[in-house]
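Colleague: Can you read through this structure? Questions will come right after.
Each value in this text was obtained by applying a stated rule to the coordinates, not by laboratory testing. If you're wondering where the values come from, they're calculated on a predicted model, not measured in any experiment. Positions of Cβ are backbone-derived with ideal geometry, glycine not excepted, and every protein chain shown enters the neighbour counts.
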Amino acid sequence: MPGTETLDLQSIVDDIHRELTPRLGEGKVADYIPQLARVDPKRFGMAIVTVEGDVHMAGDAQVPFSIQSISKVFTLTLALGKHGENIWKRVGREPSGSAFNSIVQLEHEHGIPRNPFINAGAIAITDLVLAGHTPKEAIGEVVRFVRYLADEDDIVIDADVARSEAATGYRNFALANFMRSFGKLDHPVDHVLGVYFHQCALAMNCVQLAKAGLFLAASGTNPLTKHSVVSKQRARRINALMLTCGHYDGSGDFAYRVGLPGKSGVGGGILCVAPGKASVAVWSPGLNHNGNSLLGSLALEMLASRTGWSVF
Ligand code: DON
């Protein structure tokens, strides 16, 4: 298996970008959040940050985009830090086999969402992050945490995206009210969703995102800042959840094609972890039928095949 030092990663990302350029614009940009529908569908960015600290990028890798559900990795990490394994009383660890915003399973499983990455599960996790805080404080904590992970100060929330989602987030209000009716949320629904919509509206570029995920590729410690974020065991477990649940009902397909832990967002981003090697972020707004970036998934499939980084 080649190590990062024997691979010409810059040529690999350049080749992937060049080969995908004729296909830019494929897939369907998310439009259920009106502000997301305004994004240019032909954007494409990719960044690799290796555990040695080398950065390789192509295309729009330094253009910020809405990370959306990728934020669920960071809030899960925060909630584990605050509550440890107790979080599993509120959320499961199984793939859902349903769409990211599905409500069907919540009723017969008593308001316990299947995993922390579907919307219901992420809302339950945000409720745990909120513990002891006002929504404003919790939003501040999430932003500070992501800046700390990425070692970048200029990461902000796009307030227009947060407002746009709050104005149209009927399905998320339904999910949250349903969970609250089972006594599975401790805070008022509008507080929890206020934080959730803001975390999803974090704007980051591919380089920042890859840096923020680097601790997961390096046994829990960011090798660039030397910050110990989580234990080795916890990093392994977060990666396991990303692999099994990070792409909703497309998780099996992503594991089959890419073979790496990954988390997608409807903004068209994917954060992907190659344990012991690198953290990778890709952005292409057109989505496949599961709500995952179409060309982003393909770019990662090409990367995994050319580097041999699959965990299998
Ligand atoms: O809750 C929502 O609908 C969005 N803020 C996030 C959904 C999302 O990114 C799903 N990922 N593919």
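Colleague: I want to verify the translational diffusion coefficient of segment 69-200 in µm²/s; compute it with Stokes-Einstein, Rh as the Kirkwood radius over Cα pairs, at 25 °C and 0.890 mPa s.
Modeller: On the way: Rh = 14.7 Å.
Answer, rounded: 167 µm²/s.
Colleague: Show me 267-279, 102-114, 182-194 ranked by packing, highest mean number of other Cβ atoms within 10 Å first. List each step's numbers first, then the result.
Modeller: Numbers: 267-279: 25.8, 102-114: 16.1, 182-194: 18.2.
Top to bottom by mean Cβ count within 10 Å: 267-279, 182-194, 102-114.
Colleague: For the chain, take the longest principal axis of its alpha carbons; what is the angle in degrees between that and the long axis of helix 170-181, to the nearest 10 within 0 to 90?
Modeller: Its long axis makes an angle of about 50 degrees.
Colleague: Assuming 0.692 mPa s and 37 °C, estimate D for the chain with Stokes-Einstein, Rh taken as the Kirkwood radius over Cα pairs, in µm²/s. Don't jump to the answer; show the numbers that get you there.
Modeller: Numbers: Rh = 18.9 Å.
Calculated translational D: 173 µm²/s.
Colleague: Let me ask another. Rank 108, 168, 34 by how far each Cα sits towards the positive end of the charge dipole of the chain (+1 on Lys, Arg Cβ; -1 on Asp, Glu Cβ) and give me just the farthest.
Modeller: Working it through, the farthest residue towards the positive pole turns out to be 108.
Colleague: For the Cα atoms of the chain, what angle does the longest principal axis make with the long axis of helix 294-307, in degrees from 0 to 90, nearest 10?
Modeller: 50 degrees
Colleague: Using a simple spin-label model with points 7 Å from Cα along the Cα→Cβ vector, what separation in nm is obtained for residue 186 and residue 23?
Modeller: 4.5 nm
Colleague: Dipole magnitude of the chain about its Cα centre, charges +1 at Lys/Arg Cβ and -1 at Asp/Glu Cβ only, in debye to the nearest 20? Show your work: numbers first, answer last.
Modeller: Working: 29 positive and 30 negative charges, 142 e Å.
Charge dipole, the chain, about its Cα centre: 680 debye, nearest 20.
Colleague: Continuing with this model, one more query. With unit charges on the beta carbon (Lys/Arg positive, Asp/Glu negative), name the residue among 200, 155, 44 whose Cα is farthest towards the positive pole of the charge dipole of the chain.
Modeller: 200
Colleague: Right, here's the next one. With springs only between Cα atoms under 10 Å apart, run a GNM on the chain and tell me which of 132, 25, 252 wobbles the most.
Modeller: Largest GNM mean-square fluctuation: 132.
Colleague: Dividing the Cα radius of gyration by the Kirkwood radius, what Rg/Rh value follows for segment 235-312?
Modeller: On the way: Rg = 11.0 Å, Rh = 11.9 Å.
Radius of gyration over Kirkwood radius for segment 235-312 works out to 0.92.
Colleague: What FRET efficiency comes out for residue 256 versus residue 15 if R0 is 30 angstrom and r is the Cβ-Cβ distance? Round to the nearest 0.05. Intermediate results must be reported in sequence, preceding the final value.
Modeller: On the way: r = 23 Å, r/R0 = 0.75.
According to the calculation, E is roughly 0.85.
Colleague: Based solely on its DSSP helices, what 222 nm [θ] is calculated for the chain when runs of n ≥ 4 H residues each add -39,500 (n - 2.57) and the sum is averaged over all residues, nearest 500 deg cm²/dmol?
Modeller: When only DSSP H runs of four or more count, the value is -13000 deg cm²/dmol.
Colleague: Using 0.36 nm times the number of residues separating residue 167 and residue 103, minus their current alpha carbon distance, what extension gain do you get? Don't skip to the answer; put the middle values down first.
Modeller: On the way: separation 64, 0.36 × 64 = 23.04 nm, distance 1.96 nm.
Here the segment from residue 167 to residue 103 would lengthen by 21.1 nm.
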